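One structure coming up, written as structure tokens, with questions to follow.
What follows draws every value from the coordinates through simple rules; no lab data is involved. Note that the structure is predicted; figures quoted are calculated from it, not measured. Every residue, glycine as well, gets a Cβ built from its backbone with ideal geometry; the counts of neighbours run over all protein chains shown.
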Amino acid sequence: MKKSNTTPFMPAPDYGRSLSGFSINLLSTDLARALIFQRDVLQAEVMHQDEDLLILRGYRGSWMVHADHTYDKHPLLADTQAQPRRGAGAELRLHGCDPDGAAARARQHGFKLLDGPRDQPDHGLREAHIIDADGYVWVPDIPL
């Protein structure tokens, strides 16, 4: 159930029609904590924020993070809440996001580093695996 009455940066139907290519939409138990991770750790540009939704942009992509309560009538919510950790088995990669800087900021804000930062010569990348407050694994990387 939507809680916010803020005016978005553009009407939702217009934003929906503006999307192209691949994007992700994540669910969050704590949108305020998700905002800290997205803005302060990943340094994503916040296009919109309210108590229901974050719309973010960075690294030549855009994505959304919805508060759980906005999915109260969607079957995905119950399935997501039944999982021991959200996002297990998926890597959300941000190419061009400095892994050393992101890892340092993650530590400062109390987020967990799963791996790295370290060079991955087989991939041609330097990368870190960082777990956000909802259990999603973000992988900032830069070319070696």
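Sort the chain into rounded, prolate or oblate with this rule: let a ≥ b ≥ c be the square roots of the eigenvalues of the Cα gyration tensor; rounded if a/c is under 1.5, and if a/c is not under 1.5, prolate when a/b is larger than b/c, oblate otherwise.
Verdict is prolate for the chain.
By average Cβ neighbour count within 10 Å, what is the ranking of 12-25, 81-94 from highest down?
For the peptides 12-25, 81-94, the packing ranking is 81-94, 12-25.
Hey, can you grab everything whose amide H is under 5 Å from the amide H of ARG93? Only 5+ residues off in sequence or another chain; H modelled, so Pro and N-termini drop out.
VAL139
Listing TRP138, TRP63 from the residue with the fewest other Cβ atoms within 10 Å to the one with the most, what is the order?
Listed from fewest to most nearby Cβ atoms, that is TRP63, TRP138.
Roughly how far apart, in whole Å, are the Cα centres of region 1-76 and region 107-144?
Cα centroid to Cα centroid, the span is 22 Å.
Follow-up. Suppose each label sits 7 Å from its Cα in the direction of the beta carbon; what would the ASP119-ILE142 distance come out to in nanometres?
In this crude spin-label approximation the distance works out to 1.4 nm.
Which one, TYR59, PRO143, PRO8, projects farthest toward the positive side of the charge dipole computed for the chain from Cβ point charges (K/R +1, D/E -1)?
It is PRO8, whose Cα lies furthest towards the positive end.
Considering only DSSP beta bridges where both residues belong to region 1-97, give the percentage that are antiparallel (nearest 5).
That works out to approximately 65 percent antiparallel.
Given a Förster distance of 22 Å, report the FRET efficiency between THR7 and GLU45 from their Cβ-Cβ distance, rounded to the nearest 0.05.
0.75
Dipole of the chain (Lys/Arg Cβ +1, Asp/Glu Cβ -1, origin at the Cα centre): which of THR80, THR70, ALA102 lies farthest to the positive side?
So the residue furthest toward the plus end is THR70.
Now for a separate question. In which sequence would ASP134, ASP122 go, from the one with the fewest C-beta neighbours within 10 Å to the one with the most?
ASP122, ASP134
Let me spell out the model: positive unit charges on the Cβ of Lys and Arg, negative unit charges on the Cβ of Asp and Glu, origin at the Cα centre of region 12-143. What dipole size does that give, in debye rounded to 20?
That gives a dipole near 120 debye.
Within region 1-32, find all residues whose amide N lies under 12 Å from a label point positioned 7 Å from the Cα of LYS73 along Cα-to-beta-carbon.
1-2
At a Förster radius of 30 Å, what calculated FRET efficiency corresponds to the Cβ-Cβ distance of GLN81 and SER20, to the nearest 0.05?
0.50
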